[in-house]
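Contents: one structure, followed by commentary.
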Amino acid sequence: MEALLESLGLAQSLELLSLTPPGWGGNLLRGLVHSLQIALGAFGFGLIIGLFGAYGKLYGGPVTRDLLAIYTTVMRAVPELVLILILYYVGTDLINQAAQAMGYGRVEISGVVAGIWVLGIVQGAYATEVLRGAIQAVPSGQIEAARSFGMPPFKLMRRVTIPAMMSFATPGLANLWLIATKDTALLAIVGFSELTLETRQAAASTRAYFTFFLAAGALYLIVTLCSGVVFGRIEKWARRGQPSLKGASR
Amino acid sequence: MMNWRALMQPHRIVLMALFAAFVIWCALSLRWDWIPTYAPLALEGLWRTIWLLVVTTVLGFLLAIPLGLAQAIGPWYLSVPARVFCTIIRGTPILLQIWLLYYGLGSLFPQVPWIRGSELWPYLRQAWPYAVLALTLSYAGYEGEIMRGAFASVKKGQLEAAQSFGMPRFTMFRRIWLPQAIRSVLPTLGGETILQLKATPLVATITVVEIYAVSSRVRADTFVVYEPLLLLALIYLIIAGLISLLFRHIELQVPAR
């Protein structure tokens, strides 16, 4: 095994990627954990925004609807990088002003929290559209039936709308999750030490650019492929009891 | 389409008035004195952004056609590499792809003597070829996946009809298969192009001076934080709006089925 690696010239790369300090593998994995934390948080935050946004867009008053339309349009038309910078500065400014008003000094915001806040707001816009479409796809008779039995709105959402829309929403949400994991890389530009930035630092200090960028690419690819499998399971679960779509789509 | 009557509802008038007040407040109380100094550079940056967008979408689309075709009907030795390529492009962040090409290839090329001696070397020392390559490959990866579905969605009977008239295979592809595939991807093409627009600022990290890089320079030089970013967001909004208008126009040219 070792002789084979030696002959392929991979031994050096493996040494660079080893998990203990002379190698940079540990840093890469730490970056991956940060990336996943940010992606999970942002996805969750985005889902919450998206749920409220979708309800606001469908059932809200005219003002709410217009404001939400502006929110989703702007967030989806302006590059994430620009939004990240704006939201990052706005967020830190607001928190610092609040802290100073309450008599504290300047607050340092952790990269993970800032990343979740920034990406969550961007994700919220996409989630709003996905969930709105999914809610609209639920046959309106089901919701009307629940209403006619006097089910309170929150219970209706929990017991009827959300379970019924899950199968329509999962493909879009899976896509959103992949966007979330890939968008965490943008936080490298703002200086959060997630996977892409850790990779770049490792590559710059060892000059082994290909080794590290390919390794990071493989890590991202593993994450996306595994998520594909997981979301496939979730979709299958959400579709249980529904007629198979395989025959219909062909 | 939004007409005047829809725009003239009371709450919309109030919202527009509030927005106008916000714009006036921005114009009066924020700092805009840096604009004249940086306007020529900004125009150059804007031009480079649009150039990158157009060149990479056109090249990427041309590359996406064989990628989609290979996945739709190709033999396994063509379809498997095409599928792997699309999966890799779609599964990794584009920032990582740009850095891999720029830093990776950029550090590899100088070690090869014949590349250093070649006539391409003056170009390969600059950043923009790597930016164009990375953005093109990314667009091709995303679009290739869409084109696969589009090629598969063209009805078999159409192709069989063409075959039964003795149409040569390439003519059949050019006259029947490709136009219908493109027609069916038109609605998603606009969205993909806006996504590509949103990917262009990333090339600023490899020293290509486009509009985002200009705004970063303004921020670094003058310590004005919000104003360049707001203006930049507005510029991207306008470009995205123009793209969607353009694609709506193209879609209207195509007869609906």
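The values are calculated or read from the model by the stated rules, or taken from the named source; none is laboratory data. Please read all numbers here as calculations on a predicted model, not as lab measurements. Please note: Cβ atoms are built from the backbone with ideal geometry, for glycine as well, and neighbour counts cover all protein chains shown. Note: areas computed on protein heavy atoms with side chains; ligands, DNA, RNA excluded. Shrake-Rupley method; radii C 1.70, N 1.55, O 1.52, S 1.80 Å.
Check whether at least one residue in segment B:208-215 is open to solvent by 70 Å² or more (accessible area, probe 1.4 Å) and part of a helix (DSSP H, G or I), and report yes or no.
No: segment B:208-215 contains no residue that is open to solvent by 70 Å² or more (accessible area, probe 1.4 Å) and part of a helix (DSSP H, G or I).
Inspect all residues belonging to segment A:93-100 and state whether any of them is within 14 Å of chain B (Cβ to nearest Cβ), within 22 Å of B:A233 (Cα to Cα) and either free of Cβ contacts under 8 Å to residues at least 60 places away in the same chain or assigned to a helix (DSSP H, G or I) (or both).
Yes: segment A:93-100 contains one or more residues that are within 14 Å of chain B (Cβ to nearest Cβ), within 22 Å of B:A233 (Cα to Cα) and either free of Cβ contacts under 8 Å to residues at least 60 places away in the same chain or assigned to a helix (DSSP H, G or I) (or both).
Here are some conditions: (1) modelled with pLDDT of 85 or more; (2) open to solvent by 70 Å² or more (accessible area, probe 1.4 Å); (3) not in a helix (DSSP H, G or I). A:I70 meets all but one. Which one does it not meet?
Only one criterion in (1) modelled with pLDDT of 85 or more; (2) open to solvent by 70 Å² or more (accessible area, probe 1.4 Å); (3) not in a helix (DSSP H, G or I) is unmet by A:I70, namely (3).
Does A:T224 count as polar (S, T, N, Q) and within 23 Å of A:V118 (Cα to Cα)?
Yes.
Yes/no matrix, rows are residues, columns are (1) hydroxyl-bearing (S, T, Y); (2) assigned to a helix (DSSP H, G or I); (3) surrounded by 15 or more Cβ atoms within 10 Å (Cβ to Cβ):
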| position | (1), (2), (3) |
| --- | --- |
| B:P81 | no, yes, no |
| B:T87 | yes, yes, yes |
| B:I98 | no, yes, yes |
| B:L105 | no, yes, yes |
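Being among the hydroxyl-bearing types (S, T, Y) and either open to solvent by less than 10 Å² (accessible area, probe 1.4 Å) or facing chain A (nearest Cβ under 8 Å) (or both) is the filter here, so list the residues in segment B:195-207 that pass it.
B:T200, B:T205
Just to be sure, is B:I24 loosely packed, with under 12 Cβ neighbours inside 10 Å, β-branched (V, I, T), away from every other protein chain (no Cβ under 14 Å) and assigned to a helix (DSSP H, G or I)?
Spelling it out, B:I24 is indeed loosely packed, with under 12 Cβ neighbours inside 10 Å, β-branched (V, I, T), away from every other protein chain (no Cβ under 14 Å) and assigned to a helix (DSSP H, G or I).
Considering only segment A:167-180, I want to know if a residue exists there that is under 25 Å from B:I194 (Cα atoms), away from chain B (no Cβ under 14 Å) and open to solvent by less than 10 Å² (accessible area, probe 1.4 Å).
yes
Check A:G115, A:G133 and return the single one that is part of a helix (DSSP H, G or I) and under 23 Å from A:M165 (Cβ atoms).
A:G133
Restricting to segment B:116-141, give me the number of residues that are over 15 Å from B:L202 (Cβ atoms), open to solvent by 20 Å² or more (accessible area, probe 1.4 Å) and in a helix (DSSP H, G or I).
Of the residues in that region, 7 qualify.
Give segment B:45-101 a look and list any residue that's closer than 17 Å to B:K198 by Cβ, within 12 Å of chain A (Cβ to nearest Cβ) and touching a residue at least 12 places away in the same chain (Cβ under 8 Å), or say none.
Those that are closer than 17 Å to B:K198 by Cβ, within 12 Å of chain A (Cβ to nearest Cβ) and touching a residue at least 12 places away in the same chain (Cβ under 8 Å): B:T49, B:L53, B:I89, B:R90, B:I94, B:L95, B:Q97, B:I98.
Checking A:R159 against (1) over 25 Å from A:I116 (Cβ atoms); (2) open to solvent by 60 Å² or more (accessible area, probe 1.4 Å); (3) within 12 Å of chain B (Cβ to nearest Cβ), only one condition comes out false. Which one?
Only one criterion in (1) over 25 Å from A:I116 (Cβ atoms); (2) open to solvent by 60 Å² or more (accessible area, probe 1.4 Å); (3) within 12 Å of chain B (Cβ to nearest Cβ) is unmet by A:R159, namely (3).
Can you name the residue in segment A:181-217 that is more than 9 Å from chain B (Cβ to nearest Cβ) and within 20 Å of the chain's Cα centre (by Cα) and, of all such residues, is nearest to A:G124 (Cα to Cα)?
Once the filter is applied, the top-ranked residue is A:L187.
Residue under question is A:F149, and the condition is that it be under 25 Å from B:T207 (Cα atoms), out of contact with any Leu (no Cβ under 8 Å at 6 or more places or on another chain) and away from chain B (no Cβ under 12 Å); does it hold?
Criteria not met by A:F149.
Condition (residue is assigned to a loop (DSSP other than H, G, I, E, B), of a type in the set (A, V, I, L, M) and either away from chain A (no Cβ under 14 Å) or within 13 Å of B:L137 (Cα to Cα) (or both)) applied to segment B:1-21: is it met by at least one residue?
yes
Being part of a helix (DSSP H, G or I) and either within 10 Å of another protein chain (Cβ to nearest Cβ) or open to solvent by 40 Å² or more (accessible area, probe 1.4 Å) (or both) narrows it down to one of B:E160, B:E227, B:E192, so name that one.
Going through B:E160, B:E227, B:E192 in turn, the sole match is B:E160.
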